[in-house]
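Q: To start, I am sharing the structure in question, which I have written as structure tokens.
The values are calculated or read from the model by the stated rules, or taken from the named source; none is laboratory data. Bear in mind that the values here come from a model prediction, so they are computed numbers and not experimental data. Reconstructed Cβ throughout: ideal geometry from the backbone, glycine too, with neighbour counts over all protein chains shown. These area figures cover heavy atoms from the full protein model, side chains too; ligands, DNA and RNA do not enter into them. Shrake-Rupley method; radii C 1.70, N 1.55, O 1.52, S 1.80 Å.
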Amino acid sequence: MLARFIKSTELDIRLLGMAGALALIWIVFHVLSGGLFLTPRNLWNLSVQSAPVAIMAAGMVFVIVTRNIDLSIGSMLGFIGMIMGTIQTDVLPKVLGFEHPATWALTLAAGLGLGLGLGAFQGFVIAYLGIPSFIVTLGGLLVWRGAAWWVTSGQTVAPLDDTFRLLGGGPEGSIGATWSWVLGFVACATIVVVLAHGRGQRKKFHFPLRPMPAEFVVGGMACAAVLAAVAVVNAYPWPVGIVRRYAEANHIAVPDGGLFIAHGIAIPVLIAIGTGVVMSFLATRTRFGRYAYAIGGNPEAAELAGVDTRWVILKCFMLMGLLAAIAGAVSIARLNAATNSEGTLAELLVIAAAVIGGTSLSGGVGTVAGAMLGAVLMQSLQSGMVLLGVDTPLQNIVVGAVLVAAVGLDTVYRRRSAI
Amino acid sequence: MDRTPLVAMRDISLAFGGVHAVDRVSVDLYPGEVMALVGHNGAGKSTLVKILSGAYRRDSGTIAIRGEEASIANPRDARKYGIETTYQSLALADNVDAAANLFLGRELRTRWGTLDDIAMEAEARKVIGRLNPNFQRFKDPVKALSGGERQSVAIARAILFDARILIMDEPTAALGPQEAAQVGELIRKLKSDGLGIFLISHDIHDVFDLADRICVMKNGRVVGTARVAHVTKDEVLGMIILGKCPTAAAPGLGAVED
């Protein structure tokens with residue numbers, strides 16, 4: 001009965017399984033930590049901490065789906081971060097003056113351009129010169145990390161431009177309660193419209209329709225999840241000290257019980273969600289995405305069908321570079337400093353997130369949503385163990401073991417269902 | 001059948017290094033006809049059709065399509081002349097569904113430039129439904145389909161874009177008897193639609209079942225060409241193994257003198 005109903009919703013069972021695993025991890029940590037895990041504060045922090053890895057995992061799906069790998073993104077993040085740090089603290093202030101309103105935008109544009117360029121360069125060497133991506137990006141891992149050091153001979157660049165820092169979150173870098181609710185309701189409306197449109201289209205072509213209860217359950221669950229997330233981030237107030245300063249600056253009288261100002265959704269989380277939506281759209285609704293998956297499934301067939309496989313692979317690496325730049329901007333903004341070791345080992349976390357999220361290293365299989373959920377899962381494990389006071393070496397052991405176990409389970413599941 | 005042939009290949013030769021993979025081969029194909037190409041491995045039949053489908057370039061010889069000289073340098077050229085190929089390896093992307101495979105490289109798009117999956121699925125249901133009314137699994141990746149269903153997808157892909165000339169490389173290899181029968185049914189249907197089909201097969205029963213004419217090759221040369229009704233299986237086996245051309249067949253360069 002239940003199985004039939006789940007099938008009728010046409011939801012991705014693996015994705016549901018992952019959401020279930022995530023919920024289980026959260027509850028276990030909540031109990032073990034004596035009620036510290038499932039609090040607005042911890043969940044809000046978790047969302048911000050997950051953002052950089054989630055952003056890059058969305059791009060890694062494309063790279064892995066086309067039977068490639070990118071080991072260079074952690075170093076690339078560090079190098080681009082250093083360049084962005086230097087531009088906003090050293091180059092632009094000399095030209096425009098300190099704290100110029102255009103500084104953040106020019107810095108970000110330069111960083112994104114650099115990310116695209118580095119990605120395109122690596123993609124060209126891989127796709128057109130035929131050097132395996134593992135080797136090219138392994139080289140990139142060393143080269144860009146070295147380059148990050150050279151930018152300032154290893155010196156840390158800080159502090160950063162005030163506006164740029166909003167990209168990293170924090171009380172100021174969040175959109176507040178009102179806008180969070182607005183976005184939440186817009187998202188719900190979009191979900192309803194998309195479901196209704198899909199149903200209309202299927203009706204038009206006389207295809208079998210999903211049963212109506214299934215439609216309602218899917219739409220209802222999606223909207224409930226969105227609104228619950230908004231409620232959680234809106235329940236996390238600004239710290240008292242910041243509220244006091246804010247109240248003084250704006251001449252607001254603080255009432256007796258203290259002033260409650262909610263964080264709302266953090267800007268880096270918005271960036272990650274936006275990235276996820278755009279990348280999912282690319283993967284499922286455009287020719288580029290279709291070709292990436294076809295190449296992963298059977299490169300020869302794609303070639304025979306007239307797909308320009310090399311150009312598609314080059315574009316995947318360009319996207320990956322762009323997303324590494326975005327993640328770099330978020331990371332240095334959050335730290336309020338650019339260091340040459342920023343993003344060390346990030347490539348492995350990103351690959352692990354993608355793989356836990358159901359991306360197959362043999363190519364052709366994987367979803368953006370799964371990979372991003374994988375990133376949240378990895379981050380949940382890590383911050384949960386921090387809450388429990390687990391030593392760093394043991395944390396690594398647990399994360400490593402979970403990665404292997406998750407992929408092992410998935411392999412068994414795939415073999416059983418033959419899909 | 002003295003109309004203009006759909007395909008007329010004349011004196012086609014192609015050598016790899018010093019080996020004559022195809023040596024002065026001439027073969028015709030008429031509309032609504034199945035022409036079987038048979039012979040041992042390495043007899044040159046696959047090489048011959050790859051020249052027609054644009055995968056290989058011939059050293060010499062001419063190809064005429066509907067009586068007009070055709071220049072075929074790559075698979076895209078061949079497609080322009082309405083030549084489509086289904087490969088032995090099926091050449092499907094296993095991980096995406098039937099409609100995505102059908103339209104791979106030629107996707108239908110909405111007016112915003114996004115993939116029009118619904119329209120593609122509708123078209124896929126139409127085409128595959130015509131070929132194989134039992135086909136239901138439009139949402140599953142092709143990997144999950146049976147061999148016969150996969151072959152239906154491969155053939156539908158070929159005919160979707162109005163192929164007039166179909167090259168089928170071992171369409172029934174690796175299929176169970178029931179599925180092979182299904183594919184045979186498909187071939188008859190296509191024939192009655194007026195397509196010309198080159199059928200490469202190892203299975204002599206298949207050939208006698210499906211083909212109108214048969215062309216036997218050995219060592220890159222044609223042993224002989226005959227109407228299936230005029231020769232026996234033993235005679236065809238004699239042609240394949242010994243290169244002996246029976247009286248009912250028109251001998252080629254590869255025929256052994258008695």
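Q: For residue B:22, which sequence-distant residues (separation of 5 or more, or a different chain) have an amide H within less than 5 Å of its own amide H, given hydrogens modelled in the peptide plane?
A: Under 5 Å from the amide H of residue B:22 lie the amide H atoms of B:14, each far enough along the sequence or on another chain.
Q: Would you please report the Å³ per residue occupied by the convex hull of the alpha carbon atoms in region B:59-212?
A: Cα-based convex hull of region B:59-212, divided per residue, equals 140 Å³.
Q: Let me ask another. So what is the relative contact order of region A:68-139, in percent, for Cα pairs below 8 Å that sit 6 or more residues apart?
A: Worked out over region A:68-139, it gives 49 percent.
Q: Could you tell me what a quarter of the Cα convex hull surface of region A:102-154 works out to, in nm² with one decimal place?
A: Result: a mean projected hull area of 4.2 nm².
Q: Principal axis extents for region A:145-199, Cα atoms only, whole Å, descending order, please.
A: If we take the Cα atoms of region A:145-199, the spans are 58, 27, 11 Å.
Q: Give the relative contact order (percent, whole number) for chain A; include only Cα pairs under 8 Å separated by 6+ residues.
A: The value is 35 percent.
Q: Turning to a different aspect of this structure: Just for the Cα atoms in region B:91-161, what are the lengths along the principal axes, largest first, rounded to whole Å?
A: Ordered largest first, region B:91-161 gives principal extents of 36, 23, 19 Å.
Q: So what are region A:257-322's ellipsoid semi-axes, whole angstrom, largest first, if each one is the square root of 5 times an eigenvalue of the alpha-carbon gyration tensor?
A: 40, 11, 7
Q: How large is the accessible surface of residue B:139 in square angstrom, using a 1.4 angstrom probe and rounding to the nearest 10?
A: About 110 Å², ignoring ligands and nucleic acids.
Q: What residue among B:232, B:216, B:202 has its Cα farthest toward the positive end of the dipole of region B:200-239, where the charges are +1 on Lys, Arg and -1 on Asp, Glu, each on the Cβ?
A: B:216
Q: Also: Which of A:27, A:252, A:313 moves most in a GNM of chain A, Cα contacts under 10 Å?
A: A:252
Q: Now, a different point. Normalized C-alpha radius of gyration of chain B, against 2.2 N^0.38 Å?
A: Output field value: 1.03.
Q: Using just the C-alpha positions of region A:216-340 as equal point scatterers, what log10 of I(q)/I(0) does the Debye formula give at each q in 0.22 1/Å?
A: Computed log10 I(q)/I(0) values: -1.20.
Q: Given q = 0.07, 0.08 Å⁻¹, what are the Debye log10 I(q)/I(0) values for chain A, with equal point scatterers placed on the Cα positions and solvent ignored?
A: Calculated log10 I(q)/I(0) at the listed q: -0.36, -0.48.
Q: Taking N as the number of residues in region A:108-204, what is its Cα Rg relative to 2.2 N^0.38 Å?
A: The value comes to 1.76.
Q: Across bins of 10 angstrom width beginning at 0, how are the C-alpha pair distances of region A:332-397 distributed, in whole percent?
A: With a bin width of 10 Å, the distribution comes to 19, 38, 35, 8.
Q: With a 1.4 Å probe, what is the total accessible area buried between chains B and A, in Å² rounded to the nearest 100?
A: Interface area, both chains combined: 2400 Å², rounded to the nearest 100.
Q: Kirkwood hydrodynamic radius (Cα pairs, Å) of region A:10-112?
A: Computed over Cα pairs of region A:10-112, the Kirkwood hydrodynamic radius comes out at 17.5 Å.
Q: Another question, then. Report, as a whole number in µm² per second, the diffusion coefficient that Stokes-Einstein gives for region A:33-173 at 10 °C and 1.306 mPa s using the Kirkwood radius over alpha carbon pairs.
A: Estimated via Stokes-Einstein, D reaches 93 µm²/s.
Q: Against the globular-protein guess of 2.2 N^0.38 Å, express the Cα radius of gyration of region A:236-290 as a ratio, rounded to two decimals.
A: Ratio of Cα Rg to 2.2 N^0.38 Å: 1.95.
Q: Additional query: By how many degrees, between 0 and 90 and to the nearest 10, does the Cα long axis of helix B:117-131 differ from the longest principal axis of chain B?
A: 40
Q: Using alpha-carbon positions, what is the distance between the centroids of region A:38-64 and region B:12-52, in Å?
A: 57
Q: Report, as an integer, the average count of C-beta atoms from other chains found within 10 Å of each Cβ along A:293-304.
A: 6
Q: Compute the convex hull volume of the Cα atoms of region B:40-80, divide it by the residue count, and report the result per residue in Å³ as a whole number.
A: Hull volume normalised by residue count: 81 Å³.
Q: Name the residue from A:209, B:247, A:9 whose Cα lies farthest towards the positive end of the charge dipole of the protein assembly as shown, charges +1 on Cβ of Lys and Arg and -1 on Cβ of Asp and Glu.
A: Going by the charge dipole, the pick is A:209.
Q: So, one more: Amide H neighbours of residue B:85 under 5 Å, at least 5 residues apart or on other chains, H built in the peptide plane: list them.
A: Amide H to amide H, under 5 Å and 5 or more residues apart or across chains, residue B:85 pairs with B:167.
Q: Let me ask something else. Starting from one equal scatterer on each C-alpha and no solvent at all, send me the Debye-based log10 I(q)/I(0) for region A:275-364 at q = 0.12, 0.26 Å⁻¹, two decimals.
A: -0.48, -1.40
Q: A further question on this structure: Ignoring everything except DSSP H segments at least 4 long, calculate the 222 nm mean residue ellipticity for the protein assembly as shown; use -39,500 (n - 2.57) per segment, divide by total residues, nearest 500.
A: -18500 deg cm²/dmol
Q: In region A:298-419, how does Rg compare with the Kirkwood Rh, expressed as the Rg/Rh ratio over alpha carbon atoms?
A: 1.04
Q: So how do B:185, B:179, A:248 rank on accessible area, 1.4 Å probe, biggest first, that is with the largest at the start?
A: Result of the area sort, largest leading: A:248, B:185, B:179.
Q: Another one. If you build the convex hull over the alpha carbons only and average its shadow over all orientations, what do you get for region A:28-85? Give it in nm² to one decimal.
A: The number I arrive at for region A:28-85 is 6.1 nm².
Q: Where in region A:228-308 are there chymotrypsin sites (Phe, Trp or Tyr not before Pro) that are in a DSSP coil and have at most 16 other Cβ atoms within 10 angstrom of their Cβ?
A: Here the sparse-neighbourhood loop sites are A:260.
Q: Next question, about the same structure. Can you tell me the Rg and Dmax of region B:134-258, counting just the alpha carbons, in angstroms?
A: Answer for region B:134-258, Rg first and Dmax second: 16.7, 59 Å.
Q: Could I ask something else about it? Using only alpha carbon pairs under 8 Å that are at least six residues apart, calculate the relative contact order of region B:43-115 and give it in whole percent.
A: Taking the mean separation of contacting Cα pairs over the length of region B:43-115, I get 21 percent.
Q: Right, next: Work out the charge dipole of region A:1-101 with +1 on the Cβ of Lys and Arg and -1 on the Cβ of Asp and Glu about the Cα centre, then indicate which of A:98, A:77, A:30 is farthest towards its positive end.
A: Value computed over the given set: A:30.
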